[in-house]
Amino acid sequence: GAGVSQTPSNKVTEKGKYVELRCDPISGHTALYWYRQSLGQGPEFLIYFQGTGAADDSGLPNDRFFAVRPEGSVSTLKIQRTERGDSAVYLCASSKDRGPYNEQFFGPGTRLTVL
Amino acid sequence: AQKITQTQPGMFVQEKEAVTLDCTYDTSDPSYGLFWYKQPSSGEMIFLIYQGSYDQQNATEGRYSLNFQKARKSANLVISASQLGDSAMYFCAMREGGGAQKLVFGQGTRLTINP
């Protein structure tokens with residue numbers, strides 16, 4: 001079956017612009033996660049959805065970052081007034097449900113470059 | 001405080017040798033899970049192995065095994081009979097129990113297999 005997909009694969013934008021990053025999880029996965037990976041670092045958690053609601057948004061760095069998952073499937077990460085420090089690879093992952101063993105399947109990521 | 005520590009930025013190993021990648025963690029939650037992911041140069045995160053805090057035996061998946069020492073809070077990944085295709089970044093990650101589902105990643109270890 002299809003894995004997690006993310007679009008676009010690359011996004012170049014100018015400082016101050018608005019961007020949207022899309023994630024299509026694996027069909028049937030109720031949990032969806034966004035992470036951000038800067039060069040040479042491990043992924044850092046941003047937000048997690050269980051169904052349509054954000055169960056944990058403690059990783060969002062500030063109010064310029066927002067994410068939605070209106071129908072419990074596709075999710076969009078939105079970044080307003082982009083800054084050069086937002087440049088990173090944004091990874092999306094999905095998993096079946098809660099529980100102690102809850103393997104997260106990752107997408108290929110969107111590389112965001114803010115000029 | 002650093003929750004996941006990977007002290008080896010880079011490792012170089014001869015093909016067919018075994019290699020151990022170190023990971024120590026810090027948590028006060030009695031219920032947690034430990035994960036290892038592989039990230040090749042193409043960028044995707046590939047799940048390798050999982051160890052639950054209550055698991056009595058060390059996890060194994062093919063050539064991968066996890067040396068879980070709970071009292072020392074370490075969860076080292078052992079790769080037996082290394083192959084050229086094992087060259088990649090390796091990340092240790094932890095999920096703490098309860099409702100939190102996010103993964104906290106270490107800084108990673110870059111493994112290079114030499115022919």
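FYI, it's all coordinate maths here, none of it is from the lab. Here the structure is a predicted model, which means the values were calculated and not measured. Heads up, the Cβs are rebuilt from the backbone with ideal geometry, glycines too, and the neighbour counts pull from every protein chain shown.
Arranged from fewest to most other beta-carbon atoms within 10 Å of their beta carbon, A:Glu44, A:Glu20 become A:Glu20, A:Glu44. Neighbours of B:Gln51 by Cβ distance under 15 Å: Lys/Arg scored +1, Asp/Glu scored -1, total -2. Considering only B:Ser65, B:Gln83, B:Tyr25, whose Cα is most displaced toward the positive end of the charge dipole of chain B, charges sitting on Cβ of Lys, Arg (+1) and Asp, Glu (-1)? Of the candidates, B:Tyr25 comes out farthest on the positive side. Over 26 Å between Cα atoms: which of A:Lys96/B:Lys38; B:Lys38/B:Lys70; A:Lys78/B:Lys102; A:Lys15/A:Lys96; A:Lys15/B:Lys3; A:Lys17/B:Lys38 fall into that group? Checking Cα-Cα distances, A:Lys15/A:Lys96; A:Lys15/B:Lys3; A:Lys17/B:Lys38 exceed 26 Å.
Each label was represented as a point 7 Å from its Cα along the Cα-to-Cβ direction; for B:Lys16 and B:Arg63 these points are 1.3 nm apart. Over the stretch B:20-115, all Cα pairs binned in 10 Å intervals from 0 give whole-percent P(r) values of 16, 51, 27, 6, 0, listed from short to long.
Within chain B, DSSP assigns beta bridges of which about 85% are antiparallel (rounded to the nearest 5). Neighbours of A:Gly16 by Cβ distance under 12 Å: Lys/Arg scored +1, Asp/Glu scored -1, total +2.
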